[in-house]
Structures are given as structure tokens and as C-alpha cells.
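Undergrad: Below is a structure I'd like to ask you about.
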Amino acid sequence: MKTLTTIAKVAALSVGLGVTGLAQAELETAQLENVKFTGDVRYAGYCKAILENNVSAIRQFANRSVGEVAGSRRGVIRLVSSENGVTCNGKNLVEFSLEKNATDVHAFLVAQR
């Protein structure tokens, strides 16, 4: 098993849209399409799931890492969401979910600790 220290950090960098007059739903969709990921893109899905506030996606990404990162889905989630885990835009997953108002994902991540 790889340890968390071997996992490359993922940073989600939002690109400024400079677009006015879009409906809120269109703006959110445009923001998702204008995100760039750096680092190990195998873990970029966590950042995207937070931007979409999608707990199911977090679970799926964690399931794919069982055996590689930790022995269970909960173990994977604990490691990737730790202070030294995967980062999005320079923040750990819990902080990033708060910043992006991803309340469902935030509650899930906190409950897994």
C-alpha cells in the first residue's frame, strides 16, 4: 500500500469568468467547466465532487483507492481529507468544501473522521 505521503497533492484553480448576466445555474456550470487541476489528476475527482457537492462521487473515488491508499473506504476518506491529504486550491478537502459551500460533502467528510 502506498502511504498518503506518496500521493501528489491536487490543486483546483478556478479561472476567472468575467461573465455577467448569466443565471445562477449557468454560472455554476461555467465554473465547473473552467477548473484546472494540477498535480496527480487521479485525485482531481475529489475537488470536482466538492464543487458539485456530490457525496456519491466522493464515495466512488474512495472506493477506487481502497487497497492503494488504505484498507477501507473510510480509511481512504480519512487520509485524503486529513491536513496532509489531497488539497484543492491549497486547502484540504474539509476546508475546501466549506469554502465552496458544499454542505453535503462537508458533513460527510466530517462524519468520516
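Please treat every number below as a calculation from the coordinates, not as lab data. Since the structure is predicted, the reported quantities are computational estimates derived from the model, not experimental observations. Backbone-built Cβ (ideal geometry, glycine too); neighbour counts: all protein chains shown.
Undergrad: Between GLU95 and SER82, what length comes free when the chain is fully extended (0.36 nm per residue of separation minus the Cα-Cα distance, one decimal in nm)?
TA: Once the chain is fully extended between GLU95 and SER82, it gains 3.7 nm.
Undergrad: Right, next: How many nm is it between the label spots at ARG74 and THR103, if each spot is 7 Å from the Cα in line with the beta carbon?
TA: Between ARG74 and THR103, the simple spin-label model gives 2.6 nm.
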